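The values are calculated or read from the model by the stated rules, or taken from the named source; none is laboratory data. If you're wondering where the values come from, they're calculated on a predicted model, not measured in any experiment. A quick note on method: Cβ atoms are made from the backbone with ideal geometry, for glycine too, and the neighbour counts reach across all protein chains shown.
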Amino acid sequence: MQEKLKKGLGLLDVFCIASGAMISSGLFILPGLASAKVGPALFLSYILASFIALPTVFSMAELVTAMPRAGGDYFYISRSMGSIAGVIGGLSSWFSLSLKAAFALVGMAAYVRLVVSFPIEAVAFALCIIFIILNIIGIKEAARTQVILVSGLFVALIFYIFAGFPKINIASYTPFAPFGTASVFATAGFVFISYAGLTKIASIAEEIKNPTRTIPIGMILALVLVGIIYALVVFITTGLLAQDKLQASLTPISDAAGVSAGAWGIIIMALAAILAFITTANAGIISASRYPLAMARDKLLPRFFERINSRFATPHYAILFTGAFMLAAVSLLKLELLVKLASELLLILYIFTNLAVIIMRESKLQNYQPKFYSPLYPVMQILGILGCGILLAKMGRFILLLSGLFITSGLVWYFAYTGARRIKEFGLIHVIERLVNKELTSGALSKELKTIIRERDEIVEDRFDHLIKEGVVLDLEGSLSGEEFFQQASSFLAGKLGMEPEVLLNLFIQREQESPTIIRPGLAIPHVIIEGKHKFAILLARAKQGIFFSGVQQPVKTVFMLVGTRDERNFHLRALAAIAQVAQDKDFDRHWLSSRNTDELKDIILLAERKRFGGK
């Protein structure tokens, strides 16, 4: 049985984890490195990067509300494109997030030196170990720490903006784009890692309360607010420092704060930078560690990664492994190489995420039911893919080669380790199935999505649900009259109720003559009372060509038949109310007529949003 993670995070936690994962080296170190590539137009590169991230935020919000599972984009990529893409995506997500967190620890060195004289590598190691322990103890404790740290960070950045804006030097913005317009796009790719943590909040979806609402709101708020702060801080920094000084600085924000607020400004922003690096390292371990967990659940990594600590309800082995990799990265990798490789992998993942939405939508899987739908589909996703593709092309051959080697290593791992342990059904197969009009799937993915919806919506089956599961479903071919339909339906129901089919048929015909049971165009609910006690049965029927009831011109394509004894009158009324709630959904008729089999017809009822009374 799959071990469960504990739900304990709310909207503030989500916002602070996403924001903290973004605001660090991308703001406190990169402006100096990036300014050398683009000049004063740098703030436009940050704005452009945020716009390129927007389609992926919408895509991720849709995917996470449909499938709130640990592993985030790994889970969506594997369920849309299969195990090979999942391995590449999962390892890339884990690698890029871990690298960004390591980048934060490396980048912290320059700012710590502004405050104290201490062996920085020892500080980085100590902090990493502290966060490993904190994350093992519990995600709620790690998230509370994140909220405190991010709150302090935002206060410091607001101070910087208000103190610096009146003192900017307009002359610092000329020449505005000395390396040409193309450099703005190329630099947007370089600074794109600044937004790396934004969508990774999806990787801890299983541990978030009400994830279908909390995650989309948290991600969008984080992108908007952090994007504005990035643009303002970079714009002000460019106006406070001469270009040669800015481009040579690894502490550009503190240096600029020294111009606007003196020595205290340097110290305040150095402390803010340290807070930012700490929040990124903490958020990196929180989110990155869930990728080995999710991949181990699918048997694509060793099974011990999926183990949940019995005391703290956290994936302790996955956390330890992620922390160990970060410590190795701190010791071995150079700063700029960390940025470029992590940004490259992030862009590839964003392309995969946008493609995953297109595949899942076009698969027409009935149980793919997001609570949030990306606007402007598929234009938004195509723009996201093209935007990331353009930035990839601008990253340079060496980084593309490194990414190719990384992907090749992922493929070698897949074929060497997983063997036959692979996800055999995914969204792309359903798309192909539709195109070739040939049955290629077994329904495994639909069943998995059904389980996810039940857990997501916390559905507790009531007696009506159990009757639907056990009931008869007629999927009728051709058109037929009302009497012909009642004959077929009565023969099925009579056996379940222990009575003669003719008796039941006469009751239905008599009921229809007394009062038509068509409650709206295309939908009928024939219901009758029978003799006896403690008997109740439900039959569902779909007739694509229509059932033609006497005196009604428009054919009926959906029928709910209810039969019960008098002592079941209260439940009879509850069943009618449940049907009314299900059938009033604006997409009910479309889903009902497009369902591929009787199991999918039942799922429409079993997964519907309605009031449930609990029990059997």
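What to note about this one:
- Selected residue [under 21 Å from Leu593 (Cα atoms) and either outside any helix (DSSP H, G or I) or touching a Cys at 6+ places or on another chain (Cβ under 9 Å) (or both)] from Lys469, Lys450, Lys438: Lys438
- Hey, Ser260 surrounded by fewer than 24 Cβ atoms within 10 Å (Cβ to Cβ) and either in contact with a Lys or Arg (Cβ under 7 Å, 6 or more places away or on another chain) or not assigned by TED's automatic domain parsing to the domain that holds Phe28 (or both) or not: yes
- Residues satisfying the stated conditions in the stretch 348-393, i.e. in contact (Cβ under 8 Å) with a residue 60 or more places away in the chain, surrounded by fewer than 17 Cβ atoms within 10 Å (Cβ to Cβ) and assigned to a loop (DSSP other than H, G, I, E, B): Lys364, Tyr373, Pro375
- The stretch 131-153: number of residues that are free of Cβ contacts under 8 Å to residues at least 60 places away in the same chain and either of a type in the set (A, V, I, L, M, F, W, C) or under 22 Å from Met269 (Cβ atoms) (or both): 2
Let's see how each residue does on (1) surrounded by fewer than 22 Cβ atoms within 10 Å (Cβ to Cβ); (2) at pLDDT 80 or above; (3) out of contact with any Pro (no Cβ under 9 Å at 6 or more places or on another chain):
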position: Ile253; (1), (2), (3): no, yes, no
position: Met269; (1), (2), (3): no, yes, yes
position: Ser289; (1), (2), (3): no, yes, no
position: Ala318; (1), (2), (3): no, yes, no
position: Val330; (1), (2), (3): no, no, yes
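- Test: residue in the stretch 137-157 that is under 27 Å from Gly258 (Cα atoms) and of a type in the set (Phe, Trp, Tyr): yes
- Only one entry of Arg542, Arg463 meets the criterion of being under 26 Å from Leu607 (Cβ atoms), in contact (Cβ under 8 Å) with a residue 40 or more places away in the chain, touching an Asp or Glu at 6+ places or on another chain (Cβ under 6 Å) and not hydroxyl-bearing (Ser, Thr, Tyr), and that entry is Arg542.
- Every residue from the stretch 420-475 that is of a type in the set (Lys, Arg) and under 21 Å from the mean Cα position of the chain (by Cα): Lys447, Lys450, Arg454, Arg456
- Residue within the stretch 417-430 that is touching a helix residue (DSSP H, G or I) at 6+ places or on another chain (Cβ under 8 Å), of a type in the set (Phe, Trp, Tyr) and within 13 Å of Gly82 (Cβ to Cβ) present: yes
- The residues on offer are Phe485, Phe508, and the sole one that is in contact (Cβ under 8 Å) with a residue 60 or more places away in the chain, aromatic (Phe, Trp, Tyr) and either surrounded by 18 or more Cβ atoms within 10 Å (Cβ to Cβ) or outside the structural domain of Asp589 (by TED's automatic domain parsing) (or both) is Phe485.
- Candidates Ile529, Ile519, Ile538 - the one that is of a type in the set (Val, Ile, Thr), surrounded by fewer than 18 Cβ atoms within 10 Å (Cβ to Cβ) and under 42 Å from the mean Cα position of the chain (by Cα): Ile519
- Scanning the stretch 157-174 for residues being of a type in the set (Gly, Ala, Ser) and at pLDDT 90 or above gives a total of 2.
- Test for Tyr350: is it more than 14 Å from Phe95 (Cα to Cα), assigned by TED's automatic domain parsing to the domain that holds Leu99, at pLDDT 80 or above and under 22 Å from the mean Cα position of the chain (by Cα): yes
- Restricting Ala53, Ala66, Ala70 to those that are closer than 24 Å to Gly189 by Cα and either among the small types (Gly, Ala, Ser) or under 18 Å from the mean Cα position of the chain (by Cα) (or both) reduces the list to Ala53.
- Tally of residues being modelled with pLDDT of 80 or more and surrounded by 18 or more Cβ atoms within 10 Å (Cβ to Cβ) across the stretch 135-144: 1
- Residue match in the stretch 395-411 (condition: touching a residue at least 40 places away in the same chain (Cβ under 8 Å) and not in a helix (DSSP H, G or I)): yes
- When the criteria are applied in full, Leu223 meets the requirement of being closer than 30 Å to Ile452 by Cα and either out of contact with any Gly (no Cβ under 8 Å at 6 or more places or on another chain) or surrounded by 18 or more Cβ atoms within 10 Å (Cβ to Cβ) (or both).
- Entry remark, the stretch 135-166: residues being small (Gly, Ala, Ser) and in contact with a strand residue (DSSP E or B) (Cβ under 9 Å, 6 or more places away or on another chain) number 1 in total.
- Top-ranked residue in the stretch 302-316 [being in contact (Cβ under 8 Å) with a residue 60 or more places away in the chain and closer than 20 Å to Tyr417 by Cα; ranked as surrounded by the fewest Cβ atoms within 10 Å (Cβ to Cβ)]: Arg307
- Selection from the stretch 566-615 of residues that are of a type in the set (Asp, Glu) and over 15 Å from Ala541 (Cα atoms): Asp567, Glu568, Asp585, Asp587, Glu609
- Ile204 in the same structural domain as Ala18 (by TED's automatic domain parsing) and out of contact with any helix residue (DSSP H, G or I) (no Cβ under 8 Å at 6 or more places or on another chain): no
- The strands (runs of 3 or more DSSP E) found entirely in the stretch 499-616 that carry 1 or more residues being in contact with a Pro (Cβ under 6 Å, 6 or more places away or on another chain) are 536-548, 556-565.
- Checked against the criteria, Asp255 does not count as assigned to a helix (DSSP H, G or I) and without any contact (Cβ under 8 Å) to a residue 12 or more places away in the chain.
- Checked against (1) in the same structural domain as Ala294 (by TED's automatic domain parsing); (2) β-branched (Val, Ile, Thr); (3) within 25 Å of Lys299 (Cα to Cα), Ile429 passes all but condition (1).
- The stretch 187-235, residues that are at pLDDT 85 or above and farther than 21 Å from Ile17 by Cβ: Thr187, Ala188, Ala231, Leu232, Val234, Phe235
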